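Engineer: Dropping the structure in here first, questions after.
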Ligand code: GZL
């Protein structure tokens with residue numbers, strides 16, 4: 001073979017080799033955010049589009065996925081932080097499609113607006129699992145399973161606990177403000193609906209105001225500060241997560257009032273959701289927060305069993321629920337009933353606090 005031809009074949013071979021390297025480099029570069037595996041992966045590759053890092057619950061939820069989908073367990077997990085913007089989450093899903101991941105996990109910031117991008121994932125043959133909040137779609141084929149909490153039940157449990165507490169303390173009536181999560185999130189929709197349902201069926205509880213605070217401490221402090229100037233007769237602050245409760249307590253104390261259960265003597269009772277960190281449970285132990293409807297962030301194991309079933313072509317649970325307790329300051333109310341189901345309360349002690357993560 002002529003010398004020139006050998007050289008041109010070698011040049012083509014080198015160019016092909018470089019193209020291959022740049023593709024894998026592109027993949028690492030496209031992955032951009034955290035990928036939990038080194039080098040070329042023979043692993044099951046998962047793209048996880050997370051809402052953001054707006055709360056301690058969210059961080060615990062992300063950690064649950066990282067603890068579950070490890071390289072040792074045969075997975076490569078790519079986590080994309082949506083910073084609470086749907087546009088970022090849609091972009092992340094498109095990256096995952098481009099990277100040809102094996103599965104997509106989506107924790108949707110809001111319920112609507114997912115059909116187009118999930119059709120793209122479906123066309124690419126990538127199964128999608130929804131976690132935490134729900135999506136609102138006519139096309140049930142756009143996702144194979146959902147793992148999360150029953151948020152309306154959480155709200156009804158917290159609302160019923162308030163109702164029982166008022167009766168036990170012989171408090172004839174209480175005015176309640178609802179410090180809501182980001183509007184349109186399933187957790188906000190459900191927790192608001194649960195409280196509303198209890199208020200509509202019990203004359204001792206009046207919902208005097210509802211305002212969104214996006215599940216964040218800073219926004220909740222601003223919202224509660226405004227409500228305290230608007231209303232002089234707030235008895236209970238119903239906070240749709242613990243980070244909001246921290247901000248609400250700051251606002252109550254800045255206004256020279258006390259966060260506590262002694263409503264009859266002017267204290268403002270704080271009720272909250274999540275219960276994932278030590279600070280929140282210490283506030284329950286001190287009485288600054290009277291009750292937390294726990295929301296379990298540990299979705300990883302249930303999502304993993306769903307993916308393992310899919311890999312083995314086995315039947316998949318379409319909806320899997322994680323359970324949560326009612327964490328309380330004292331046993332004024334030892335149990336509540338919702339739809340005929342009894343839920344006992346758990347008085348927070350050092351053991352529960354030790355078991356939680358630090359902020
Ligand atoms: C609940 C989750 C909520 C948490 C908040 O499952 O969607 O979002 O309660 C978080 O802390 O921001």
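The values are calculated or read from the model by the stated rules, or taken from the named source; none is laboratory data. Everything numeric in this text was worked out from a predicted model, so none of it was measured. A quick note on method: Cβ atoms are made from the backbone with ideal geometry, for glycine too, and the neighbour counts reach across all protein chains shown.
Engineer: Check off (1) under 23 Å from residue 175 (Cβ atoms); (2) in a loop (DSSP other than H, G, I, E, B) for residue 253 and give me the number that stays unchecked.
Structural biologist: The failed condition is (2).
Engineer: Could I ask something else about it? Scan segment 174-196 and give yes if some residue there is surrounded by fewer than 17 Cβ atoms within 10 Å (Cβ to Cβ), assigned to a helix (DSSP H, G or I) and touching a residue at least 40 places away in the same chain (Cβ under 8 Å), otherwise no.
Structural biologist: Yes, there is a match, as at least one residue in segment 174-196 is surrounded by fewer than 17 Cβ atoms within 10 Å (Cβ to Cβ), assigned to a helix (DSSP H, G or I) and touching a residue at least 40 places away in the same chain (Cβ under 8 Å).
Engineer: Look at residue 288 and say whether it is more than 24 Å from residue 193 (Cα to Cα) and assigned to a loop (DSSP other than H, G, I, E, B).
Structural biologist: yes
Engineer: Would segment 274-282 turn up any residue that is in a helix (DSSP H, G or I) and buried (at least 23 other Cβ atoms within 10 Å of the Cβ)?
Structural biologist: The answer is yes; a qualifying residue exists.
Engineer: Right, something else. So residue 246 passes all but one of these: (1) touching a strand residue (DSSP E or B) at 6+ places or on another chain (Cβ under 8 Å); (2) buried (at least 24 other Cβ atoms within 10 Å of the Cβ); (3) not in a strand (DSSP E or B). Which condition number does it fail?
Structural biologist: (1)
Engineer: How do the pairs read when you match residues in segment 219-243 that are within 16 Å of the ligand (Cβ to nearest atom) with residues anywhere that are at pLDDT below 95, using Cβ under 6 Å and keeping only pairs 6 or more apart or on different chains?
Structural biologist: 241/55; 243/55
Engineer: State yes or no: is residue 170 over 23 Å from the mean Cα position of the chain (by Cα), in the same structural domain as residue 229 (by TED's automatic domain parsing) and at positive phi?
Structural biologist: yes
Engineer: Hey, can you tell me all the residues within segment 83-116 that are farther than 26 Å from residue 313 by Cβ, in contact with a helix residue (DSSP H, G or I) (Cβ under 6 Å, 6 or more places away or on another chain) and crowded, with 23+ Cβ neighbours inside 10 Å?
Structural biologist: If the condition is that a residue be farther than 26 Å from residue 313 by Cβ, in contact with a helix residue (DSSP H, G or I) (Cβ under 6 Å, 6 or more places away or on another chain) and crowded, with 23+ Cβ neighbours inside 10 Å, then 109 is the only one that fits.
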